[in-house]
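Please read the structure below before turning to the comments.
The values are calculated or read from the model by the stated rules, or taken from the named source; none is laboratory data. Just so it is clear, the model here is predicted, and its values are computed rather than measured. Counting neighbours? That spans all protein chains shown, and the Cβs are built from the backbone with ideal geometry, glycine included. When the accessible area is computed, the model is the full protein with side chains, heavy atoms only, and any ligands, DNA or RNA have been set aside. Shrake-Rupley method; radii C 1.70, N 1.55, O 1.52, S 1.80 Å.
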Amino acid sequence: MLDLKEYEVWFVTGSQHLYGPKTLEQVAEHSREIVSVLGASTHIPVQVLFKPVLTTPEAIRELCLGANSAKNCIGLIAWMHTFSPAKMWIAGLNLLKKPFLHFHTQYNSEIPWSEIDMNFMNLNQSAHGDREFGFIGSRMRLNRKVVVGHWLEEDIQSDVGNWTRAACAWADWQGAKIARFGDNMRDVAVTEGDKVEAQMQLGYDVYGYGVGDLVKVINKVSEAEVDHLVQSYFDEYEASSALQQGGEKHNSVCEGARIEIGLRNFLRAGNFKAFTTTFEDLHGLKQLPGLAVQRLMRDGYGFGAEGDWKTAALVRAMKVMSVGIEGGVSFMEDYTYHFNGSGDKVLGAHMLEICESIAAGKPRLEVLPLSIGGKADPVRLIFDSNAGPAICASILDMGQRFRLVANIVDVVTADAPLPKLPVARALWIPRPNLKEAAAAWIYAGGAHHTGFSYSVTAQHLQNFADMAGIEFLLIDENTKLEEFRKELRWNDLYYHLAKGL
Ligand code: MN
């Protein structure tokens, strides 16, 4: 769906003329070497481009302006191999609109004890050169990521790579279009929000449509296209004979395929990256889109149910940041609890719309009643999800600002089979436990809708929230409820005051 190699990060080395051309050539050579190693690292999914060593305010300013206007540039990695007086950076950093990572590394890994002289000292001086650069970032109150360590170390490359993944998702959000079929589900609070503020701060734009606009496109789908897609369903999924050609439920499968093709055509034609539906507004649709949503999510579209555009955008961002990592990303909802000595658990599911990227094994295609919405029985995929650690994340409009809250959970297998449950699901134990995690989540105002993933990590989301300039709250094995509540109170003050700083 997405190729993160289309994106590039610019590697920028700061220095000054004081050192003379010979040293500067060596600085450039070392930078090139680091760039080639980072570019080839399996931890870094984007291209890493070498940029000439910067030694003047004019060159720095030009570089930052160039980065702003370069479509595929998702951010800068800045490193001060030598000393680069930071007043030179003010004009450029004032203009920079892309995220940046301050890479506090050193060309040489070890001190050459018997050889070290002043030439070595004057070349390998990021230990103090980067502190000068760090000061100006703090003085200017710039959002940036600081990574410290030697560039050949795998975990350091991984930290850089995780940041580039967040930067890809951030770049993807800028100018992104989200289609919203129907409005918010009536009276639901958490799925509402300020779309103007979201566009100003987060970069994406939500386009509202009547469901009739979609129905028009669905009605244009040909029978041949439907037949072709239905055949591929039977190749990909388990399905009973009732769903096959001549079976009593076959028409429902065809209707589901028609909806998928129409929805896909609509989203493609409008260049949308995410979408929402609502079961309260299905005029002209014969069934609630279930299978269609599951498959579009699998292919990289963000989704939020009941008009939830914030979660749709978040699921899309999580899809982008996890490209190429095993695991999967889905829309999710905390549905029902299992209070039991074996560990209190959450059963996560939705009416239909869980992405098959998180399925354990081959999904089963089923046509079953929905018992809500008053429409024909919708076709959907049913499956259990993989066991293992995962993350649930929710983005909220708190009125004056956005908040991102996440919980690390451990997905487990069910205590017993669930033969009558007609939806895809995941069963998990939240960290540190359900009692504290759910209390913390509720104090934070976390939604019932989430982006759920085995491949996205807290580090990805922290980086992403920092780029967006929004609050990030993590609930994990280290969470102490009373400390978490204090963090909420302090953050309320900080984010209120920070606007005036
Ligand atoms: Mn819901």
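What to note about this one:
- For the range 352-395, averaging the sequence separation of C-alpha pairs within contact (under 8 Å, six or more residues apart) and dividing by the residue count gives a relative contact order of 40 percent.
- Taking amide H positions as modeled 1.01 Å from N, with prolines and chain starts lacking one, the residues under 5 Å from SER455 and 5 or more places away or on another chain are GLY328.
- Spin-label model distance (nm) - GLU29 vs ALA269, 7 Å beyond Cα toward Cβ: 6.0 nm
- Length added when fully stretched, ALA127-SER69, from 0.36 nm per residue minus Cα-Cα: 17.7 nm
- Backbone N within the range 443-478 under 16 Å of label point (7 Å from ALA498 Cα along the Cβ vector): 461-474
- Whole-number Å³ per residue for the convex hull built on Cα positions in the range 364-501: 145 Å³
- Taking a straight Cα-Cα cut-off under 29 Å and skipping sequence neighbours fewer than 8 places away in the same chain, the lysines within cross-link reach of LYS220 are LYS177, LYS249, LYS273, LYS286, LYS375.
- Alpha carbon centroid spacing (whole Å) that separates the range 61-124 from the range 218-258: 57 Å
- Note on exposure: HIS338, HIS17, HIS128 ranked by accessible area (1.4 Å probe, complete protein assembly) read HIS17, HIS128, HIS338, with the most exposed listed first.
- Given +1 at the Cβ of Lys and Arg, -1 at the Cβ of Asp and Glu and no other charges, the dipole of the chain around its Cα centre is 1100 debye to the nearest 20.
- Computed per residue of the chain from DSSP H runs no shorter than four, each worth -39500 (n - 2.57), the mean residue ellipticity at 222 nm is -12000 deg cm²/dmol.
- Centre separation in Å (Cα based) which lies between the range 137-215 and the range 289-307: 18 Å
- Ranking of GLU132, GLU356, GLU326, GLU471 by solvent-accessible surface, largest first: GLU326, GLU132, GLU356, GLU471 (1.4 Å probe, protein heavy atoms only, all chains present).
- Note, ³J(HN,Hα) from phi for the range 220-227, Karplus 6.51, -1.76, 1.60, rounded to Hz, x at Gly and Pro: 7, 5, 7, 4, 4, 4, 4, 4
- Listed peptides 472-485, 386-399 by packing density, highest first (mean Cβ within 10 Å): 386-399, 472-485
- For the range 14-169, lysine pairs with C-alpha atoms less than 26 angstrom apart, excluding pairs fewer than eight positions apart on the same chain, total 15.
- Note on the range 295-412: Rg/Rh from C-alpha atoms, Kirkwood Rh, equals 0.97.
- Rounded if a/c under 1.5, otherwise prolate or oblate - the chain, Cα gyration tensor axes: prolate
- Reach of LYS420 by Cα under 15 Å, taken over aspartates and glutamates that are not fewer than 8 positions away in the same chain: GLU366, ASP384
- The aspartates and glutamates whose alpha-carbon is closer than 18 Å to the alpha-carbon of LYS435, local same-chain residues fewer than 8 away aside, are GLU333, ASP334, ASP344, ASP410, ASP476, GLU477, GLU482, GLU483.
- Take the Cβ atoms of LYS435 and ALA242, set R0 to 45 Å, and the FRET efficiency comes out at 0.55.
- The accessible surface of the chain, taken with every protein chain in place and a 1.4 Å probe, is 52 percent carbon and sulfur.
- Whole-Å distance, taken between Cα centres, linking the range 1-50 and the range 427-481: 34 Å
- Calculated FRET efficiency for the pair ASN143/GLU223, C-beta based, R₀ 51 Å, to 0.05: 0.45
- A DSSP coil position with no more than 14 other Cβ atoms inside 10 Å describes the following GluC sites (Glu not before Pro) in the range 246-306: GLU248.
- Estimated at the nearest 10 Å², the accessible area of MET121 is 100 Å² with a 1.4 Å probe.
- Note on the chain: antiparallel DSSP beta bridges, both residues inside, total approximately 50 percent of the bridges counted.
- 1.4 Å probe accessible area per residue over the chain, in Å²: 44 Å²
- Gyration tensor (alpha-carbon) shape descriptor, the range 359-399, a/c threshold 1.5: oblate
- Packing rank of 229-235, 86-92, where each peptide gets the mean count of other beta carbons within 10 Å, highest leading: 86-92, 229-235
- Highest-first arrangement of 312-320, 448-456, 143-151, where packing means the average Cβ count within 10 Å: 312-320, 448-456, 143-151
- Largest to smallest in accessible area, the residues TRP441, TRP490 fall in the order TRP490, TRP441 (1.4 Å probe, all protein chains included).
- Taking all Cα pairs closer than 8 Å and separated by 6 or more residues, the relative contact order of the range 229-303 comes to 31 percent.
- Loop chymotrypsin sites (Phe, Trp or Tyr not before Pro), the range 278-372 (other Cβ atoms within 10 Å of the site Cβ: 11 or fewer; DSSP): PHE339
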